[in-house]
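Student: Let me begin by handing over the structure; questions about it come next.
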Amino acid sequence: MLKKYYNFLAIALTVLGIFILFVNTATASETINSYTVYNKQYKGFINKVNNLKNGYLAVLEIPKINLKQGFFEYNSSLNDVDKNIEVIETSKMPDVKGSNLILAAHSGNSNIAYFKHLDLLNIKDEVYIYYNNKKYKYVINDIYDRTKTGYIDIVRDKSKTTITLITCKKNTNMQTVYIGYLEN
């Protein structure tokens, strides 16, 4: 009787060990895949901002940091922070009153670190979006840091049309959020 119990226990522990090994392997694989950097740039040349090339939905321009970069629709395979500036799912474009266009990009030194100089922005700096043959001017109204947890609180006046720019704060476990309001 005791021998059957030990045999059952040995089989159960073996199965449990294989299960733990499989779960750890699957988790590690997902983590690696979600952080794979694709060494492609989709910048392209924009002859006229109103005539967007490469299938861009719109163009983000921040004159202070010499940034002018297109970005893709939410459902595009190119809308990925590891490829480009990413449009976050709940975003709405600036032609919707009270909307919030939320954009995220890497800081750092790689060729996909589109927000590497965002830390130079201050309150009252200007940000432009070119969308549907129109130029939208936002003015930065708030800048704040939050601990990187996978979620971020966006604190804004919901009655105003907003742009939110999010990036990691260099050499920390923090993210910086830039809130800008559309100028009339």
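Student: Note down the net charge around Ile140, summing +1 for each Lys or Arg and -1 for each Asp or Glu among other residues with Cβ under 9 Å from its Cβ. Provide the component values of the computation, followed by the final result.
Tutor: Details: positive: Lys124; negative: Asp125, Glu126, Asp142.
After counting each charged neighbour, the total is -2.
Student: At a threshold of 8 angstrom on Cα-Cα distance, excluding pairs fewer than six apart, so keeping six or more, what relative contact order does the stretch 58-182 reach in percent? Please list the in-between numbers first.
Tutor: Values: 281 pairs, mean separation 29.5, N = 125.
After rounding, I find 24 percent.
Student: Looking at the stretch 58-182 from every direction and averaging, what is the projected area of its Cα convex hull in nm²?
Tutor: Averaging across all directions leaves 7.1 nm² for the Cα convex hull.
Student: Can I ask one more? How much length is gained on full extension from Ser91 to Lys158, taking 0.36 nm per residue of separation minus their Cα-Cα distance?
Tutor: 22.8 nm
Student: Identify all aspartates and glutamates with a Cα-Cα distance to Lys137 below 19 Å; exclude those on the same chain that are fewer than 8 residues away in sequence.
Tutor: Glu61, Asp95, Asp125, Glu126, Asp157, Glu183
Student: In addition: If Lys and Arg each add +1 and Asp and Glu each add -1, what is the summed charge of the other residues whose beta carbon sits under 14 Å from the beta carbon of Lys92?
Tutor: Net charge in that neighbourhood comes out at +1.
Student: If packing is taken as the average number of other Cβ atoms within 10 Å across a peptide's residues, how do 118-129, 146-157 rank, most packed first?
Tutor: In decreasing order of mean packing, 118-129, 146-157 become 118-129, 146-157.
Student: While we're here: Among Met93, Met174, what is the fewest-to-most ranking by other Cβ atoms within 10 Å?
Tutor: Details: Met93 16, Met174 13.
By the 10 Å Cβ count, ascending, the order reads Met174, Met93.
Read-outs throughout are calculated quantities, based only on the coordinates presented, and are distinct from any laboratory measurement. Quantities reported herein were computed from a predicted structural model and do not represent experimental measurements. As a convention, Cβ positions derive from the backbone with ideal geometry for all residues, glycine included, and neighbour counts pool all protein chains shown.
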